[in-house]
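Report on one structure; see the data block that follows.
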Amino acid sequence: MPQELASEIDADAFAMPSAAAHGEVTLAPVLDLRAARPLHAELLRLRGDTIIVDGSQVERIGAQCAAILLSAARSWESDGQEFSLVNPSDALSRGLELLGIGLHEVGGIAPDFGDIEA
């Protein structure tokens, strides 16, 4: 990424780092096209560490940010690292569902299929 573009990115537009740990990020309320590049940059910065992404404040998510979260979850899995999406808001869950992405695919809670016998 060219340096001039990197300096224009407002990382607070999509996420607020948690004070608790290096690998924790709280997603901002609006994850639209404007937030895609900084979201990608922040997740890339944290690659290699276990990460916890808090989705409790999300009010809207667009396809680009959903794809970034999906890609990150898969990357962490292939690296053998834990990627967890915790406290997903209803809007985040619905937005991902509308895009055909299961919450479990982005590190969220696995779907509960009840007592299925094998």
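The values are calculated or read from the model by the stated rules, or taken from the named source; none is laboratory data. For clarity, every value in this text was computed on a predicted model and none was experimentally measured. Here Cβ is always computed from backbone atoms with ideal geometry, including for glycine, and neighbour counts include all displayed protein chains. Surface accessibility is based on the protein's heavy atoms, side chains included, excluding ligands, DNA and RNA. Shrake-Rupley method; radii C 1.70, N 1.55, O 1.52, S 1.80 Å.
Given H placed 1.01 Å from N in the peptide plane, which residues other than close sequence neighbours of Val30 have an amide H under 5 Å from its amide H?
Close amide H contacts, sequence-distant or interchain: Glu59.
Would you please classify the overall shape of the stretch 25-93 from the alpha carbon gyration tensor, given that a ≥ b ≥ c denote the square roots of the eigenvalues, rounded means a/c under 1.5, and beyond that prolate means a/b larger than b/c while oblate covers the rest? Don't jump to the answer; show the numbers that get you there.
Numbers: a/c = 1.92, a/b = 1.43, b/c = 1.34.
Since a/c reaches 1.5 and a/b is larger than b/c, the shape of the stretch 25-93 is classed as prolate.
Just the accessible area for Glu105, please: 1.4 Å probe, Å², rounded to the nearest 10?
70 Å²
What distance in nm separates the two pseudo spin-label positions at Ser78 and Arg60, each 7 Å out from Cα along the beta-carbon direction?
In this crude label model, Ser78 to Arg60 measures out at 3.2 nm.
Taking θ = phi - 60°, what integer Hz values does the Karplus form 6.51 cos²θ - 1.76 cosθ + 1.60 yield along the stretch 77-84, in sequence order, with x for Gly and Pro?
4, 5, 7, x, 10, 8, 10, 10
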